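Report on the following structure.
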Amino acid sequence: MHIVVCIKQVPDSAQIRVHPVTNTIMRQGVPTIINPYDLFALEAALALRDQLGGSVTVLCMGPPMAEDSLRRALTYGADRAVLLTDRYFAGSDTLATSFALSAAIARIGETFGTVDIVFTGKQTIDGDTAQVGPGIAKRLDLNQLTYVSRIAGIDAEAREVTVERRAEGGVQVLKTALPVLITMLEGTNEIRRGSLGDALRAARADVTVWNAADAGIDDLLKCGLRGSPTVVKKVFAPSARAEKAEMVANDGQSSAQDADALIAAILNRNPALDADLRRLSAGF
Ligand SMILES: Cc1cc2nc3c(=O)[nH]c(=O)nc-3n(C[C@H](O)[C@H](O)[C@H](O)COP(=O)(O)OP(=O)(O)OC[C@H]3O[C@@H](n4cnc5c(N)ncnc54)[C@H](O)[C@@H]3O)c2cc1C
């Protein structure tokens with residue numbers, strides 16, 4: 001089983017600040033981490049490899065410094081790492097990102113062996129769109145299983161995978177044929193502590209570095225800014241709300257009269273809500 005896990009290097013959002021005047025995100029000096037959602041995908045992939053044999057390749061598109069995140073993934077036990085980096089990828093939106101990553105995944109298949117499963121996280125903590133996984137599946141014509149909470153089983157002979165998928169109001173159990181792309185939900189497992197052997201191997205490992213040509217991309221118009229129709233017009237920090245929450249009773253003694261008085265006060269402050277409720281109740 002050859003599994004590819006896409007990981008993105010993102011700024012550590014716990015340490016991001018917003019510029020007080022320009023309201024833009026201040027990224028300078030902010031440490032980077034592996035997108036936390038991608039660690040759930042990586043652990044799911046490593047567990048499958050441990051169970052069925054094969055290898056896990058981690059793939060990241062990013063600037064040269066993204067090699068740190070790939071090396072970190074190797075310390076958890078990934079078998080090989082590929083960094084896709086080229087100035088032509090700068091400014092990629094989800095369309096251009098999924099284009100470049102799918103070309104690299106096809107090239108990984110040719111170079112290191114047929115790919116059976118591609119994992120991505122559900123979404124990133126910076127771009128937050130959750131579009132890249134489905135975009136890769138579409139481009140590579142893979143069956144796609146999104147919002148997966150558990151890999152319930154794999155039948156390697158029949159080449160089928162069964163998963164549990166979180167859906168509104170319940171859990172779906174889905175089965176489909178390999179090759180497949182899976183976007184993994186958060187909180188579904190816990191990334192292992194890598195062994196000392198993995199840490200030593202990661203420190204010495206050669207990370208494969210590919211540019212656009214190495215990944216077999218010849219249409220550079222589909223890459224980076226030129227291949228990105230999406231434009232983020234504005235990024236801003238929401239301003240704090242003026243209203244404050246009020247504690248009306250915390251002694252366990254509040255009465256029905258207190259509740260009536262509270263509802264009257266709320267409706268008094270929101271005449272439109274009062275009118276809506278009256279209209280609704282008139283309909284019953
Ligand atoms: C501040 C800011 C400004 C931006 N401005 C623009 C803009 O002006 N124009 C524009 O077009 N786009 C802009 N973007 C979007 C940015 O380019 C996206 O982050 C990028 O396209 C990937 O989308 P995403 O992060 O939403 O990924 P998602 O779709 O949320 O990611 C899902 C999964 O795909 C995988 N994945 C995603 N990206 C990579 C990667 N690089 N390498 C490996 N795996 C990956 C990971 O497994 C991830 O969990 C901006 C983003 C930010 C944070």
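We did not get these values from a lab; they are worked out from the coordinates using the rules stated. As the structure is a computational prediction, the values presented were derived from the model and not from experiment. Neighbour counts run over all protein chains shown; Cβ positions are idealised from the backbone, glycine included.
Please say if region 208-257 is rounded, prolate or oblate, where rounded means a/c under 1.5 for a ≥ b ≥ c the square roots of the C-alpha gyration tensor eigenvalues, and otherwise the choice is prolate for a/b larger than b/c and oblate otherwise?
Here region 208-257 falls in the prolate category.
Do you know the relative contact order of the chain, to the nearest whole percent, from alpha carbon pairs under 8 angstrom that are 6+ apart?
Relative contact order of the chain: 23 percent.
Using only the alpha-carbon atoms, how far is helix 271-282 inclined from the longest principal axis of the chain? Give it as 0 to 90 degrees, nearest 10.
Roughly 90 degrees between the two axes.
Please give me the summed charge of the neighbours of residue 171: other residues whose Cβ is under 13 Å from its Cβ, Lys and Arg +1, Asp and Glu -1.
Once positives and negatives cancel, what remains is +1.
Cut-off under 23 Å on the C-alpha distance; same-chain residues fewer than 8 positions from residue 175 excluded. Which lysines are left, in chain and number order?
Answer for residue 175, where 23 Å is the Cα cut-off: 122, 138, listed by chain and number.
Rank the residues 184, 247 as a footprinting-exposure proxy: fewest other Cβ atoms within 10 Å of their Cβ go first.
Fewest to most other Cβ atoms nearby, the residues stand as 247, 184.
How much of the DSSP beta bridge set in the chain is antiparallel, as a percent to the nearest 5?
Restricted to the chain, the bridges split so that about 45 percent are antiparallel.
Based on alpha-carbon centroids, what's the gap between region 111-155 and region 205-257 in Å, whole number please?
Region 111-155 and region 205-257 have Cα centres separated by 19 Å.
When the Karplus curve 6.51 cos²θ - 1.76 cosθ + 1.60 is applied with θ = phi - 60°, which whole-Hz ³J(HN,Hα) does each residue of region 218-235 get, with x for Gly and Pro?
Karplus-based 3J(HN,Hα) across region 218-235 equals 10, 8, 6, 5, 8, 10, x, 4, 5, x, 10, x, 7, 10, 7, 7, 7, 10 Hz.
Thinking of region 245-284 as a set of Cα atoms, what percent of all their pairs are more than 16 Å apart? Write down the numbers at each step before the final one.
Details: 379 of 780 pairs.
Of the Cα pairs, 49 percent sit more than 16 Å apart.
Taking 35 Å as R0, compute the FRET efficiency from the Cβ-Cβ separation of residue 281 and residue 240 and round it to 0.05.
Using R0 = 35 Å, I get an efficiency of 0.50.
In what sequence do 85, 183 fall when counting other Cβ within 10 Å, fewest first? Kindly include the intermediate steps, with their values, before the conclusion.
Values: 85 21, 183 26.
So the residues, fewest neighbours to most, are 85, 183.
For residue 209, what residues show an amide H to amide H distance below 5 Å, using hydrogens built from the backbone and excluding near sequence neighbours?
83
Pull out a ≥ b ≥ c, the square roots of the eigenvalues of the alpha-carbon gyration tensor of region 140-271, then state rounded if a/c is under 1.5, prolate if not and a/b is larger than b/c, and oblate in the remaining case.
Prolate is the answer for region 140-271, as a/c is 1.5 or above and a/b outweighs b/c.
Any idea what diffusion coefficient region 133-211 gets from Stokes-Einstein, in µm²/s, Kirkwood Rh on alpha carbon pairs, 10 °C, 1.306 mPa s?
In µm²/s, the coefficient rounds to 105.
222 nm [θ] for the chain, helices only, -39500 (n - 2.57) per DSSP H run of 4+, per residue, to 500?
That calculation yields -10000 deg cm²/dmol at 222 nm.
To the nearest µm²/s, what D does Stokes-Einstein give for region 2-227 at 4 °C and 1.567 mPa s, using the Kirkwood radius over alpha carbon pairs as Rh? It would help to have the intermediate numbers written out before the result.
Working: Rh = 17.9 Å.
Value of D from the Cα-based Kirkwood radius: 72 µm²/s.
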